[in-house]
Structures are given as structure tokens and as C-alpha cells.
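Novice: Just dropping this structure here.
The values are calculated or read from the model by the stated rules, or taken from the named source; none is laboratory data. Just so it is clear, the model here is predicted, and its values are computed rather than measured. No Cβ is skipped: glycine too gets one built from the backbone with ideal geometry, and neighbour counts run over all protein chains shown.
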Amino acid sequence: MTPAFDKLQQVLKKLPGLGFRSSERLALHLLLEKPASLPILVNALQEAAGKVARCSTCGNLAEEARCTLCEDPSRNSTVLCVVEHVPDLFSMERSGAFPGYYHVLHGKLSPIQGVGPEDLNFGSLRARLEAGTIEELILALPNDIEGEATCH
């Protein structure tokens, strides 16, 4: 192996869900089997890093100040679903079953891991609730100790 390959493999290993073997396979695939796709991948990563941020209202991914879901006037503005992470929102959206708006906390309370209320997206949630338009609040958080603590 080369130092450049080792560095690529180590960077890939830091991604969620990729261990040593998976990151090694991905690095080999990118370098040996799909080298023409590398510039496209690099460009897509740079573009996403420059354009994608958190929605100022709900915490979802957005290329503007507010995401497309928060800008959608056809959604039910009286119902708000609180989720732990953006992939949870994606799953619910794919189901097509939820017509309201979302709020992403970006985690759950975990004193053991040092995650307190100030580390989560509670500020904009409080503002949304205090605006008085929400009639139904759905807490779609994990059924574990941290999820329960976050709900309370």
C-alpha cells in the first residue's frame, strides 16, 4: 500500500458505517475500478459542502435559508413531527404518510456522552411552538432512555 492510499482509506474509515475493510474496498474501487468517477465525486462533494446547510426553521438539509419542506404551503401547518436526525425525516417523507412539518433535533439528550439541551436544536423548536400555530406535536424519537429523556 502507498501513503496516499492509506490516507484515503483512513479518511473513508471515519465515515459512519465504514470500518477498516469497507473503507479499504471503497478506496480500491475508486482508485482502480472507477478512476474516471473520482473528479465527479470530488466535484459533487465540493458543491454539496458549499451549498448545503441546515434549514433555519427545521434543521433539515437546505440550499437556501429554509428547506423545500418548510417552504411548501400545501403541508399541514398545524402538525409538527420532531425527529432525531435528518435520515429519520427522509424515511418519513419516503413513506408519504405525514402531511405536516418536521423539526430535526440533530441528536438526543445523553448526559453520559455529554449531550445537553444546548447541543440540540431546541431553540428554533421553542420558537415554533411559541408562535402558537402548532396544534399537534408528534415526538418520533427512539424508544430508549435518551429518547425518553429528550421527550420530557
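Novice: Take the residues in the stretch 36-55 that are loosely packed, with under 10 Cβ neighbours inside 10 Å and of a type in the set (Gly, Ala, Ser); name whichever of them is farthest from LEU15 (Cα to Cα). Steps first, please.
Specialist: Here is the first cut: in the stretch 36-55, the residues loosely packed, with under 10 Cβ neighbours inside 10 Å are 36, 39, 49-50.
Narrowing further to those that are of a type in the set (Gly, Ala, Ser): 36, 49-50.
Numbers: ALA36: 22, ALA49: 15, GLY50: 19 Å.
So the residue we want is ALA36.
Novice: Six or more apart or on different chains, Cβ atoms under 8 Å: show the pairs whose first residue is in the stretch 101-130 and on the phi < 0 side of the Ramachandran plot and among the hydroxyl-bearing types (Ser, Thr, Tyr) and whose second is surrounded by fewer than 17 Cβ atoms within 10 Å (Cβ to Cβ) and in a loop (DSSP other than H, G, I, E, B).
Specialist: TYR101/ARG75; SER124/SER56
Novice: Do we find that VAL104 is among the β-branched types (Val, Ile, Thr), modelled with pLDDT of 95 or more and in contact with a helix residue (DSSP H, G or I) (Cβ under 7 Å, 6 or more places away or on another chain) in this structure? Outline the logic, then answer.
Specialist: Numbers: among the β-branched types (Val, Ile, Thr): yes; modelled with pLDDT of 95 or more: yes; in contact with a helix residue (DSSP H, G or I) (Cβ under 7 Å, 6 or more places away or on another chain): yes.
It is true that VAL104 is among the β-branched types (Val, Ile, Thr), modelled with pLDDT of 95 or more and in contact with a helix residue (DSSP H, G or I) (Cβ under 7 Å, 6 or more places away or on another chain).
Novice: Now for a separate question. In this structure, does VAL79 turn out to be over 23 Å from ALA131 (Cα atoms) and either among the β-branched types (Val, Ile, Thr) or over 15 Å from the mean Cα position of the chain (by Cα) (or both)? Quick ask: steps written out before the conclusion?
Specialist: Numbers: over 23 Å from ALA131 (Cα atoms): no; either among the β-branched types (Val, Ile, Thr) or over 15 Å from the mean Cα position of the chain (by Cα) (or both): yes.
Against the criterion (over 23 Å from ALA131 (Cα atoms) and either among the β-branched types (Val, Ile, Thr) or over 15 Å from the mean Cα position of the chain (by Cα) (or both)), VAL79 does not qualify.
Novice: Related question: Count, please, the residues in the stretch 63-105 that happen to be part of a strand (DSSP E or B) and hydrophobic (A, V, I, L, M, F, W, C).
Specialist: Of the stretch 63-105, the ones part of a strand (DSSP E or B) are 76-83, 100-104.
Of the ones still in play, those that are also hydrophobic (A, V, I, L, M, F, W, C) are 79-83, 104.
So the count comes out to 6.
Novice: Tell me, please, whether a residue that is within 24 Å of GLY17 (Cα to Cα) and surrounded by fewer than 18 Cβ atoms within 10 Å (Cβ to Cβ) can be found in the stretch 73-85. Show your work before the answer.
Specialist: Here is the first cut: in the stretch 73-85, the residues within 24 Å of GLY17 (Cα to Cα) are 83-85.
Now drop any that are not surrounded by fewer than 18 Cβ atoms within 10 Å (Cβ to Cβ), which leaves 85.
Yes.
Novice: Oh, and also: Being in contact with an Asp or Glu (Cβ under 9 Å, 6 or more places away or on another chain), β-branched (Val, Ile, Thr) and on the phi < 0 side of the Ramachandran plot is true for just one of THR78, THR68. Which residue is that? Give the derivation first.
Specialist: Details: THR68 fails: in contact with an Asp or Glu (Cβ under 9 Å, 6 or more places away or on another chain).
After applying the criteria, what remains is THR78.
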